[in-house]
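Structure first, commentary second.
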């Protein structure tokens, strides 16, 4: 799985690639690279904004993404290996994380197959309102877009969910 990010600090140009190089790891990339849990969230201060970093299965844990939003992240990058038949879960959860945290989510999913799974691709770029800005298909491709990061603050001003939280009232 290659996750490529090209950055133009003046335009916040984001490049996502959905390309799998199975020969590099004999089709065992997930067991080698992705099944080792991290110990703490990863934030990156980029020239144009703060970004959260997550992988694959992390998408099923909304608390991680909420933590990124509370820490000031305007976007999260999510390289993944979601296999068929979970496409509906993938599309729904990527959009949900963007909406509930009022941030961009740039999610790159593997294509192709290995001996155990077939992968559906559908890499996505989703804005803070849950609008899909770009979505790939099931093959290798390059998705290019310009993200207007001012939408994050605009969205958070219009519906101040992060400020209105009552964390002391939750489990």
task = Go through segment 122-150 and give me each residue that's out of contact with any strand residue (DSSP E or B) (no Cβ under 8 Å at 6 or more places or on another chain) and under 17 Å from residue 48 (Cβ atoms).
result = 148, 150
ask   = Which residue, of 98, 107, 69, 44, is in a strand (DSSP E or B) and touching a residue at least 12 places away in the same chain (Cβ under 8 Å)?
value = 107
task = Of the numbered conditions (1) in contact (Cβ under 8 Å) with a residue 40 or more places away in the chain; (2) on the phi > 0 side of the Ramachandran plot; (3) in a loop (DSSP other than H, G, I, E, B), residue 112 fails exactly one; give the number of that condition.
result = (3)
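Let's see how each residue does on (1) exposed (fewer than 14 other Cβ atoms within 10 Å of the Cβ); (2) more than 21 Å from residue 156 (Cβ to Cβ):
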| residue | (1), (2) |
| --- | --- |
| 53 | no, no |
| 58 | no, yes |
| 92 | yes, yes |
| 99 | no, no |
| 110 | no, yes |
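Suppose the filter is part of a helix (DSSP H, G or I), farther than 21 Å from residue 140 by Cβ, at pLDDT below 95 and in contact with a helix residue (DSSP H, G or I) (Cβ under 9 Å, 6 or more places away or on another chain); does residue 57 pass it? Quick ask: steps written out before the conclusion?
On the way: part of a helix (DSSP H, G or I): yes; farther than 21 Å from residue 140 by Cβ: yes; at pLDDT below 95: yes; in contact with a helix residue (DSSP H, G or I) (Cβ under 9 Å, 6 or more places away or on another chain): yes.
So residue 57 passes the test.
Let's see how each residue does on (1) more than 24 Å from residue 164 (Cβ to Cβ); (2) modelled with pLDDT under 95; (3) more than 12 Å from the chain's Cα centre (by Cα); (4) buried (at least 16 other Cβ atoms within 10 Å of the Cβ):
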| position | (1), (2), (3), (4) |
| --- | --- |
| 39 | yes, yes, yes, no |
| 89 | yes, no, yes, no |
| 120 | yes, no, yes, yes |
| 131 | no, no, yes, no |
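The values are calculated or read from the model by the stated rules, or taken from the named source; none is laboratory data. Small disclaimer: the values here were computed from a predicted structure and weren't measured. FYI the Cβ positions are ideal-geometry reconstructions off the backbone, even for glycines, and counts take in every protein chain you see.
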